[in-house]
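Chemist: A single structure is presented below for examination.
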Amino acid sequence: MTIKEKSKRLNIYFLTITIISILWIFLGNKEIDNYAPVFFMLSGFPVFSIIYVSSTKKLAAYVKQVNIELYNKHKGIERDMKTYSIPVTNVSIFGNKELEKDFLNIQDEGIKEMYLYTKKCSKFQILSFFGTIVIALLLFLKMNLL
């Protein structure tokens with residue numbers, strides 16, 4: 001499966017859990033409505049967090065294999081005698097602008113795609129965290145207004 005297909009599946013997965021949660025709140029029974037935010041929380045944030053960390057490690061391993069100079073420029077602090085990771089906090093929507101510039105200006109399309117995919121995972125991780133709050137607020141409004 002290519003990175004573009006994975007990226008498309010991430011979009012579909014996020015939209016699916018969001019739509020299911022919203023429909024669950026407005027069309028479900030009163031007895032089980034309270035579980036909609038829990039469903040969204042458990043199927044969103046942890047899943048995207050695991051995918052994000054996994055894609056960051058794959059990106060770091062690929063960059064180390066293909067472009068060791070870029071890897072050495074942005075490698076993380078070595079811990080436990082075995083770390084081949086670019087710092088996770090640098091590949092996020094709040095990440096290092098120098099790292100983003102280096103990754104997007106490189107000639108290797110594989111690195112660019114993997115970087116953008118990892119960044120998308122970071123965005124969905126943050127969206128799913130705050131989406132849980134929004135889903136819970138929707139449930140609260142439904143229970144108090146309808």
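Chemist: If you scan region 1-47, which residues turn out to be β-branched (Val, Ile, Thr) and over 20 Å from residue 118 (Cβ atoms)? Give the derivation first.
Modeler: Just the residues of region 1-47 that are β-branched (Val, Ile, Thr), to begin with: 2-3, 12, 16-20, 22, 25, 32, 38, 47.
Once the filter is applied, which keeps residues that are β-branched (Val, Ile, Thr) and over 20 Å from residue 118 (Cβ atoms), region 1-47 yields 16, 17, 18, 19, 20, 22, 25, 32, 38.
Chemist: Here's a follow-up. For region 125-142, which residues satisfy the criterion of being under 18 Å from the mean Cα position of the chain (by Cα), farther than 14 Å from residue 56 by Cα and in contact (Cβ under 8 Å) with a residue 60 or more places away in the chain?
Modeler: Of everything in region 125-142, those that are under 18 Å from the mean Cα position of the chain (by Cα), farther than 14 Å from residue 56 by Cα and in contact (Cβ under 8 Å) with a residue 60 or more places away in the chain turn out to be 127, 128, 129, 131, 132.
Chemist: Let me ask another. Being among the charged types (D, E, K, R), at pLDDT below 85, part of a helix (DSSP H, G or I) and under 22 Å from the mean Cα position of the chain (by Cα) is the requirement here; does residue 101 meet it? Let's see the steps before the verdict.
Modeler: Working: among the charged types (D, E, K, R): yes; at pLDDT below 85: yes; part of a helix (DSSP H, G or I): yes; under 22 Å from the mean Cα position of the chain (by Cα): yes.
So residue 101 passes the test.
Chemist: Moving to a separate point now. Filter region 1-51 for residues that are of a type in the set (S, T, N, Q), in a helix (DSSP H, G or I) and more than 22 Å from residue 122 (Cα to Cα) and give the result.
Modeler: First, pick out the residues of region 1-51 that are of a type in the set (S, T, N, Q): 2, 7, 11, 16, 18, 21, 29, 34, 43, 49.
If we keep only those that are in a helix (DSSP H, G or I) as well, we get 7, 11, 16, 18, 21, 34, 43, 49.
34, the sole residue that qualifies.
Chemist: Within region 42-59, can one find any residue that is over 17 Å from the mean Cα position of the chain (by Cα), touching a residue at least 12 places away in the same chain (Cβ under 8 Å) and surrounded by 14 or more Cβ atoms within 10 Å (Cβ to Cβ)?
Modeler: no
Chemist: I need a count of the residues in region 104-121 that are surrounded by fewer than 19 Cβ atoms within 10 Å (Cβ to Cβ), of a type in the set (A, V, I, L, M, F, W, C) and more than 17 Å from the chain's Cα centre (by Cα).
Modeler: Of the residues in that region, 2 qualify.
The values are calculated or read from the model by the stated rules, or taken from the named source; none is laboratory data. Please read these numbers as outputs of a predicted model, since none were measured by experiment. Don't worry about glycine lacking a Cβ; one is built from the backbone with ideal geometry, like all the others, and counts go over all protein chains shown.
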